[in-house]
1. On the given criteria, is Thr81 of a type in the set (S, T, N, Q), over 16 Å from Cys307 (Cα atoms), open to solvent by 30 Å² or more (accessible area, probe 1.4 Å) and part of a loop (DSSP other than H, G, I, E, B)?
2. Which members of region 226-262 meet the condition of being among the charged types (D, E, K, R) and closer than 30 Å to Gly186 by Cβ?
3. Scan region 38-60 and report the pairs whose first residue is touching a residue at least 24 places away in the same chain (Cβ under 8 Å) and whose second residue is among the small types (Gly, Ala, Ser) and open to solvent by 60 Å² or more (accessible area, probe 1.4 Å), with Cβ atoms within less than 7 Å and a gap of 6+ or a chain change.
4. Condition first: farther than 30 Å from His160 by Cβ and out of contact with any Cys (no Cβ under 9 Å at 6 or more places or on another chain). Can you find one or more residues in region 87-95 that meet it?
5. State the number of residues belonging to region 1-19 that are closer than 22 Å to Leu47 by Cβ and either of a type in the set (Ser, Thr, Tyr) or open to solvent by 60 Å² or more (accessible area, probe 1.4 Å) (or both).
6. Being of a type outside the set (Gly, Ala, Ser), buried (at least 16 other Cβ atoms within 10 Å of the Cβ) and in a helix (DSSP H, G or I) is the filter; apply it to region 20-53 and report the residue that is farthest from the chain's Cα centre (by Cα).
7. Would you be able to tell me the number of residues in region 258-286 that are part of a loop (DSSP other than H, G, I, E, B), open to solvent by 40 Å² or more (accessible area, probe 1.4 Å) and either touching a residue at least 40 places away in the same chain (Cβ under 8 Å) or not polar (S, T, N, Q) (or both)?
8. Taking the residues in region 236-257 that are of a type in the set (A, V, I, L, M, F, W, C), touching a helix residue (DSSP H, G or I) at 6+ places or on another chain (Cβ under 8 Å) and part of a strand (DSSP E or B) as candidates, determine which candidate is surrounded by the most Cβ atoms within 10 Å (Cβ to Cβ).
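The values are calculated or read from the model by the stated rules, or taken from the named source; none is laboratory data. None of the values given here were measured: they were computed from a predicted structure. Note that we place each Cβ from the backbone using ideal geometry, even for glycine, and neighbour counts take in every protein chain shown. The area values use the complete protein model at the heavy-atom level, side chains included, leaving out ligands, DNA and RNA. Shrake-Rupley method; radii C 1.70, N 1.55, O 1.52, S 1.80 Å.
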Amino acid sequence: MALICGHDAPAYGLPLCEHIRTATADPLDHYLHYTGQGVERQRICGLCRNEAAAVVTGAVCEDCFDATEGSTLGVIGRPQTVEASRPVDGTVECTALPDGAGTVVDIAPTRQGFLLLCDDGRILRWDGTSTNCTEAARSTVTVPADAKPWDGREQSLRLHASRDGAFAAVVVDYGRTGEVLDLSTGTVTMSLENDGYHSSTVPFSLAFAEHAGRTVVLHRSVWNVIEAADPATGAPVTRIPMDDPASAWSGYFHGALHPSPTGTRIASDAWWWHPVGRVVAWNLDQWLSEGEPAWTQDIGWSALPPCDYHLEPSRRLAGRRPSRRGRPGRRRGRTGSRGPRLRPRPSRTRRH
């Protein structure tokens, strides 16, 4: 049966309003409209925005959908909120921090307990129960004295730890710098610095992962590039390619990284222009096994529905299955090596 576009083909992508479907010149920019039924959403133009609830949309084929790819102007409406009431254990156990820790600015879990980052740069090992702790290393990373908040986002120190507790990283969230430390010797093995391009909009991208019996550290070097390295030596392992500006992954400003519990996938709490938050995920195991060539295949790329302009870190993790449009090269990127300049604007809608 023919679709509303006139082609006898499977429906593809999101339903489109009439103005987007029939545009004869350049593709119309669009709003993403949540209808309030589950996560059902559709694309509507600026003319339809004020009467979104009454707009009649229709599905089109893949070729017609791709021909309408304009930029996203924003998000209208919200997904449906479903209540699932059930009892919650309200027991809360409080444990005092160990003696001698002083002011603790961040905590990171390991298999053996916790690492504590103190305001004087000390990194302490703590088993989580005793009143004693031992110093493993000292970090020299500090928040710049002239750092200014951007849109309410203040630069602050963040502690990361490998699962086995062998390595730690201290970075400046919403900043540019950090370092990786070998906790067996207390030495700095990697000095980190990203390119600073819109780094004030996102936490510093860093995570430890385990692959093929060894630990790797993942970090953002350029706004749209995540690199993997050996934390013991700093030797590069692999990276996201930069040579295809029209690929599915090229236009995302990477933020906080969240490996899945099994370590097979990873999510980046990213955003893309026109600035909307969008969590993306891909196959971590395949990437670390095959290196950059993995991105020429189906690497399980998945992008969750865009959020509003609010770029606050998301709580979603990386266990989502890839979407149909999960292959690199599907998205027509509109940013090159540098995206457009970003101006602060107030947060308006929370993430769902």
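1. Values: of a type in the set (S, T, N, Q): yes; over 16 Å from Cys307 (Cα atoms): no; open to solvent by 30 Å² or more (accessible area, probe 1.4 Å): yes; part of a loop (DSSP other than H, G, I, E, B): yes.
For Thr81, the condition - of a type in the set (S, T, N, Q), over 16 Å from Cys307 (Cα atoms), open to solvent by 30 Å² or more (accessible area, probe 1.4 Å) and part of a loop (DSSP other than H, G, I, E, B) - is not met.
2. Hits for region 226-262 are Glu227, Asp230, Arg239.
3. Once the first residue is touching a residue at least 24 places away in the same chain (Cβ under 8 Å) and sits in region 38-60, its partners that are among the small types (Gly, Ala, Ser) and open to solvent by 60 Å² or more (accessible area, probe 1.4 Å) give Ala59/Ala11.
4. The initial filter retains those residues of region 87-95 that are farther than 30 Å from His160 by Cβ, namely 87, 90.
Right, trim to out of contact with any Cys (no Cβ under 9 Å at 6 or more places or on another chain) and you get 87, 90.
Checked region 87-95: at least one residue is farther than 30 Å from His160 by Cβ and out of contact with any Cys (no Cβ under 9 Å at 6 or more places or on another chain).
5. Looking only at that region, the number is 3.
6. Arg21
7. 3
8. First, the residues of region 236-257 that are of a type in the set (A, V, I, L, M, F, W, C): 237, 240, 242, 246, 248-249, 253, 256-257.
Then drop every residue that is not touching a helix residue (DSSP H, G or I) at 6+ places or on another chain (Cβ under 8 Å), which leaves 237, 240, 249, 253.
When the remaining residues are screened for being part of a strand (DSSP E or B), the result is 237, 253.
Values: Val237: 16, Phe253: 25.
Step by step, filter region 236-257, then rank; the result is Phe253.
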